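Read-outs: derived from the displayed coordinates by stated rules, not from any lab. Computed from a prediction, not measured in an experiment: that's the story for all the values here. So basically every Cβ, Gly included, is an ideal-geometry build from the backbone, and we count neighbours across all protein chains shown.
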Amino acid sequence: MTNIPNTFGLNVRAKIFAEYHNVDELRELLDRYQGERILHIGAGSNLLFTNDFDGVILHSAMRRCRALQEDDDHVLIEAENGVVLDELIAQLCDMGLSGMENLSYIPGEVGASAVQNVGAYGVEAKDVITEVRVLRMADKQEVVMRAEDCQYGYRSSIFKGELRDKCIVTHVTYRLNKQLDPQLDYGNLRSEVGDNPTVMDIRNAVIRIRKQKLPEVSELGSAGSFFKNPIVPREQYEAIAAQYERVPHYEQDGGVKIPAAWLIEQCGWKGKTMGGAQCYPKQPLVLVNLGNATPEDIINLAAAICQSVQDKFNITISPEVNYI
Ligand SMILES: Cc1cc2nc3c(=O)[nH]c(=O)nc-3n(C[C@H](O)[C@H](O)[C@H](O)COP(=O)(O)OP(=O)(O)OC[C@H]3O[C@@H](n4cnc5c(N)ncnc54)[C@H](O)[C@@H]3O)c2cc1C
């Protein structure tokens, strides 16, 4: 058994952990472990292992990037799945290329960015992804999928839906802008960056804000936001707004998105602990491992939080974190 890397810092193990350096090696591993339960992971920053994993964990050691195409306005960059997303963004910002700066400091790797449709500060991976190359597990053929065919939604994609466990993302192509088109309307980003920011100013501001709010996983285990922000019908939002002063909210997809952090805080969970798990005091959307949490501690805390949001607001909040 081998320890599985996961940013929650949970002590969980897999029967086999295997890394590959190119797509042919990946094919060989799929052949070798045919019939086994297989899970491909990235940095393990959005996973909650509920138990040891009785199967094969695959991880990519492919870490190259290349420019595919360039015109007066844009550059297409293709990155391999094992590239650390924030290292890629740092490089792009350094080159003055814009589009991903708001996604700075999100943990994890390129492959998962296309699976999760990661998002922060008003930008989502889908805004910059043009194509995703995958290896179909059934016939081990490579297929290129256009972003329009990836069914992107809020923290979701076809890879979390009908293609879950059926293909492995191997390469992602992003389209970057040569001209900066700053997206500063989310949260306090505009006031943090100041006037006439460069792409690097925006990256640095995002990192500063994130460091104030989110725990460093090297110090306190977590998987970032544990729950998705629910989108409720306008009437339901209005009923809540009539009872509380200043309910934070955003119009989205014909409904109203209410931050799950606000709902959780209203239920009194901020800072509460259950076993070794805690609802993080600075950002109640994050559940942390205080050092000796077991998977059950986190599962129990998450379930109790969900139940009280359901009871108090009649809103179902669902996990963003993948339970394995
Ligand atoms: C402190 C902290 C802050 C965070 N902040 C944000 C944030 O602001 N916004 C946000 O969106 N997320 C955030 N996250 C969540 C996390 O960073 C993202 O979900 C990230 O994309 C996960 O990347 P990973 O490489 O760790 O993937 P993993 O957690 O290892 O895997 C995630 C999922 O993708 C699948 N997967 C991984 N690689 C592949 C592949 N190559 N092919 C097919 N499937 C694959 C896995 O099976 C799993 O289902 C945060 C997490 C932490 C710990």
Note down all Cβ pairs under 7 Å where the first residue falls in the stretch 87-111 and is more than 18 Å from LEU189 (Cα to Cα), the second is in a helix (DSSP H, G or I) and among the aromatic types (Phe, Trp, Tyr), and they're at least six residues apart or on different chains. none
Collect the residues in the stretch 28-55 that are in a helix (DSSP H, G or I) and surrounded by fewer than 16 Cβ atoms within 10 Å (Cβ to Cβ), keeping them in residue-number order. GLU28, ASP31, ARG32
Counted residues in the stretch 260-290 being assigned to a strand (DSSP E or B), polar (S, T, N, Q) and more than 16 Å from the ligand (Cβ to nearest atom) come to 1
Could you figure out which of (1) more than 12 Å from the ligand (Cβ to nearest atom); (2) within 18 Å of the chain's Cα centre (by Cα); (3) acidic (Asp, Glu) isn't true of GLU131? (2)
Filter result (more than 12 Å from the ligand (Cβ to nearest atom), crowded, with 19+ Cβ neighbours inside 10 Å and more than 19 Å from the chain's Cα centre (by Cα)) within the stretch 5-27: VAL12, ALA14
Restricting attention to the stretch 291-324, which residues are assigned to a loop (DSSP other than H, G, I, E, B) and either more than 15 Å from the ligand (Cβ to nearest atom) or free of Cβ contacts under 8 Å to residues at least 40 places away in the same chain (or both)? GLY291, ASN292, THR294, ASN314, ILE315, THR316, ILE317
